[in-house]
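Written out below as structure tokens is the structure these notes cover.
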Amino acid sequence: MSLSWHLYIMALLYLSAGLNHFINPRIYLKIIPPYLPNPKLLNQLTGAAEVLLGFFLIFPNTQNYASWGIIVLLIAVFPANLFMLQNQEANFGMPKWILLLRLPLQIVLIWWAFQYTFN
């Protein structure tokens, strides 16, 4: 089975985002809600998960598992998007409409990953 360019883009997106957790951790640490323990570890785990899931999207034998993993990950990080919307210090000065747009974007990303759960 050949991989579609959509899948390559999604894999690159998660690989890049995951690596960015290690290159620019300050960005991610700022959006982790304070009620969650050990933000540094959560950032590293999230980054590692994104890298691994993006990598495993490339292989037909692991594509299904990686897609489900991405869905779970997107649900797990949703509180960070809510925190950005609610906390002035965590939103990097982004306009409220962009922060609001991020919320349904998670649904779009989940739907995109779901397209590869049955391949």
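The values are calculated or read from the model by the stated rules, or taken from the named source; none is laboratory data. Note that the coordinates shown come from a computational prediction; the quantities given were computed from them, not determined experimentally. Neighbour counts run over all protein chains shown; Cβ positions are idealised from the backbone, glycine included. Surface accessibility is based on the protein's heavy atoms, side chains included, excluding ligands, DNA and RNA. Shrake-Rupley method; radii C 1.70, N 1.55, O 1.52, S 1.80 Å.
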Just wondering, is there one or more residues in segment 44-63 that are modelled with pLDDT of 95 or more, over 17 Å from LEU15 (Cβ atoms) and open to solvent by less than 60 Å² (accessible area, probe 1.4 Å)? no
Residue count for segment 1-43, restricted to those that are open to solvent by 90 Å² or more (accessible area, probe 1.4 Å) and polar (S, T, N, Q): 1
All positions within segment 90-117 that are polar (S, T, N, Q) and in a helix (DSSP H, G or I): GLN106
So how many residues does segment 64-77 have that are touching a Leu at 6+ places or on another chain (Cβ under 8 Å) and under 16 Å from ARG102 (Cα atoms)? 2
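Being open to solvent by 50 Å² or more (accessible area, probe 1.4 Å) and within 15 Å of LEU57 (Cβ to Cβ) is the filter here, so list the residues in segment 71-110 that pass it.
Let us first name the residues in segment 71-110 that are open to solvent by 50 Å² or more (accessible area, probe 1.4 Å), namely 72, 75-76, 78, 82, 86, 88-89, 92-98, 100-102, 104-105, 107-108.
Residue satisfying the conditions is VAL72 alone.
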